[in-house]
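Colleague: Starting off with a structure, shown below.
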Amino acid sequence: MNAKISYLFVALALSATVATSVGASGLRVLRGHVPDVVERFHLQPIGRLPATNRVHLAILLPLRNEPEITNLLEQLYDPASSNYHHYLTPQQFTEQFGPVAQDYQSVANFAKTNDLDVIATHDSRLMLDVRGNVSDIEKAFHVTLKTYQDPTEPRTFYAPDVDPSVDSSVPIMDIEGISDYARLRPMGHLTKTANVTGVASGSAPDGYYWGKDFRNAYVPGASLKGTGQIVGLFEADGYYSNDIASYESQAGLPSVSLTNVLIDNFNGNPGSGNSEVALDIEMAVSMAPGLSSVTVFETTNLIVDWLDVLDSMADDTQIKQFSSSWGYTGGADPNTAFDQVFQKMAIQGQSFFQASGDGDAWTNPIWVPAASPYLTSVGGTTLTMNNSGASYSSETVWNSGYYKTADLGSAWFANGNGYWGSGGGISSFYSIPYWQQGVNMAAIGGSAANRNIPDVACVANGVWVIYNNGHTDWFVGTSCAAPLWAGFTALVNQQAASYNLPTVGFMNPAIYRIGSSASYASGFHDITTGNDFWPGSPTNFEAASGYDLCTGWGTPNGTNLINLLAPQITPIVLTIAPAGGRTLQITESGLAFGITNYLQVSTNPISSARWTSIATNIATSNIFIKSGLTATNAPEKFYRVIEQP
């Protein structure tokens, strides 16, 4: 798992040879399961995990037809493709790309043969949940589970002494839960000092930001409120519902329905991370106060449980936008099992926003899964507003400098450095995605060969939160920004739904297309001041015009960006003539569109401009024409055809 993986072929999912090696015994070794901290700190085991302990594992299978997945993903988000936004259902995805039933059964048989109890199956067939005694797990995977003292925290963890191995005939891609070193961490951080620069211009107590401030900053005057949409949140803890009700009441927001989905027998009781859960919910409803509901997927902070959550999210296709402000470090490489689910979401037309991290410029491996090329990575800004949150004034890169442990509600630091700011960096694992190619990275310290993050940003400083059964305080973190983007996307998808158009889905191809076009200045607030500097990285990274590795392309610039992502459709009258044929003349473009039987579009340019057109038969009498002036990268125009006798 240490080789760089091309974006076109996801690690571990192509074949066993990518992530494994086969020995003379016929056993296939699954690389990357001994935490790198063991070697880095030369840790010696302090004992063995008791043989009778019961451990939950997720056994992962690879996707099929990876090249076809790559091709389909590009087509789904290419406006010139006939597959543009023609998303698959979960069932279609499984039929075309999921493991076949025979392979899934063979993994189940392997588990049963080795005395591992199958505790959950998945329709996607991407994973199988099992539970077994430590002694049986050690025998099945040819390992010894040893215990270690964590070198940086007051806890112990267990891990295999060597990488697990399985019979080469068993189609296992990966195993989660065979170590519990990596733990999910929240990116929302309670602050305990009033010394914050550049904020205190909102309408919350002491001038912090809440409720309507976020809409005033990013979608001023918008009538869209997320009506008919659901935001899904990944959470590794529970929350107090009365905190959300208090926030809505005090911030002047309507009450939004909350739906809890408890995964892997999690009881939903609020723990030490309840502040993150409250923060995420409050941000989503602030940006989209008309949501049908917020669905909160809750589990423990174990990675094995997160996989079950992601699979449940992907299968809930009523939800078109998700957010996560949790992640982890501690492995040498990203988690490819997560990537498989993110691919599935993108192919199904679902958006996933991930906080990019809070340790300024990444020098250690980027926390998982912020650099995945199948999600939108969200950085953070410090926002200044006019007249106590009435309107947008300016933004700069969020960089709060150094905090002692005592100054924060969390002692964990994203980069292990004690410095706090918008997470940005270059992946050492993923090659640069096709949609990020063409951006001039040389001047901003980015990479033309590897994935760069973040993609976009939102406010991450001075955010007022009600949490922990009535406590109040202000928070920092890119975890403030990710759910705001999920709420914003609910507005985009509300507008798309009003025209019977598909959802925006995986947003990065569209974001980078807009960022590279003449529409960029109208669609985004370009953040050009500030940096991600800290003593361990004193020159990376700095804000710049256009894309940078502090705030990506920037923050939403109101309904301009909504209209670019889900263009408003102008009704055009269609007259019938002659003899059953239908013709339409769009005079403003200088292009005649001929439409036959609502199914085909032919073009007859009568000017020198180059145009593209697509007609989609949404319903018998509901036709849309899309045109884009490709010669100048002008925004696409959509027309609804209305038949007139």
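Colleague: Would you list which aspartates and glutamates come within 20 Å of residue 139, measuring only between C-alpha atoms, while excluding same-chain residues fewer than 8 positions from it?
Modeller: 115, 117, 129, 161, 163, 167, 174, 176, 180
Colleague: Starting from the amide H of residue 530, placed 1.01 Å from N in the peptide plane, find each other amide H under 5 Å away whose residue is 5 or more places distant or on another chain.
Modeller: Those lying under 5 Å, H to H, from residue 530 are 397, 543.
Colleague: Right, here's the next one. Out of every Cα-Cα pair in the range 456-551, what percent are more than 24 Å apart?
Modeller: Working: 1767 of 4560 pairs.
Tail of the P(r) past 24 Å holds 39 percent of the pairs.
Colleague: For the range 57-159, I need the span (max minus min coordinate) of the C-alpha atoms along each principal axis, in Å, sorted largest to smallest.
Modeller: For the range 57-159, the Cα extents along the three principal axes come out at 55, 38, 20 Å.
Colleague: Can you work out D for the range 185-565 in µm² s⁻¹ from Stokes-Einstein, where Rh is the Kirkwood radius over C-alpha pairs, the temperature is 25 °C and the viscosity is 0.890 mPa s?
Modeller: On the way: Rh = 19.9 Å.
Stokes-Einstein gives a translational diffusion coefficient of 123 µm²/s.
Colleague: Taking 7 Å along the Cα-to-C-beta vector as the label spot, tell me the residue 169-residue 539 distance in nanometres, rounded to one decimal.
Modeller: Computed distance between label sites residue 169 and residue 539 equals 5.8 nm.
Colleague: With a 10 Å Cβ neighbour count serving as the proxy for reagent exposure, in which order, fewest first, do 97, 488 appear?
Modeller: Details: 97 22, 488 31.
Exposure proxy ranking, most exposed first: 97, 488.
Colleague: Using 0.36 nm per residue of separation minus the Cα-Cα distance, give me the extension gain between residue 86 and residue 387 in nm, one decimal. Can you show the working numbers first?
Modeller: Values: separation 301, 0.36 × 301 = 108.36 nm, distance 4.46 nm.
This chain segment gains 103.9 nm when fully extended.
Colleague: Here is a follow-up. For the residues 360, 123, 78, 237, what sequence is obtained by ranking on other C-beta atoms within 10 Å, fewest first? The partial results should precede the final answer.
Modeller: Details: 360 31, 123 11, 78 16, 237 23.
With the sparsest Cβ surroundings first, the list reads 123, 78, 237, 360.
Colleague: Can you list the residues, at least 5 places off or on another chain, whose amide H is less than 5 Å from the amide H of residue 183, using H built in the peptide plane?
Modeller: Residues meeting the amide H criterion: 329.
Colleague: Taking 51 Å as R0, compute the FRET efficiency from the Cβ-Cβ separation of residue 95 and residue 529 and round it to 0.05. Walk me through the intermediate numbers first.
Modeller: Numbers: r = 50 Å, r/R0 = 0.98.
Result of the calculation: an efficiency of 0.55.
Colleague: Would you mind calculating the gained length between residue 440 and residue 54 on full extension (0.36 nm times residue separation, minus the Cα-Cα distance), in nm to one decimal?
Modeller: Working: separation 386, 0.36 × 386 = 138.96 nm, distance 5.16 nm.
Between residue 440 and residue 54, full extension yields an extra 133.8 nm.
Colleague: Working out 0.36 nm times the residue gap between residue 39 and residue 402, then minus their Cα-Cα distance, what length gain in nm do you get to one decimal? Before the final figure, lay out each step's value.
Modeller: Values: separation 363, 0.36 × 363 = 130.68 nm, distance 2.90 nm.
Additional length available on full extension: 127.8 nm.
Colleague: Calculate the spin-label point distance for residue 222 paired with residue 471, positioning each point 7 Å from the Cα along the beta-carbon direction, and give it in nanometres.
Modeller: 3.2
Colleague: Is any residue of the range 42-57 close enough, with backbone N under 20 Å, to a label point placed 7 angstrom from the Cα of residue 135 along the Cα-Cβ axis, and if so, which?
Modeller: 47-57
Colleague: What is the distance, in nm, between label points placed 7 Å from the Cα along the Cα-to-Cβ direction at residue 118 and at residue 161?
Modeller: 3.2
Colleague: Taking the Cβ of each residue in 225, 320 as the centre, tally the other Cβ atoms inside 10 Å and list the residues starting with the fewest. Write down the numbers at each step before the final one.
Modeller: Details: 225 19, 320 27.
Lowest to highest Cβ neighbour count: 225, 320.
Laboratory data are not the source of any read-out in this text; all were calculated from the coordinates shown. Not measured: the values here are computed from a predicted model. Note: ideal-geometry Cβ built from the backbone for every residue, glycine included; neighbour counts use all protein chains shown.
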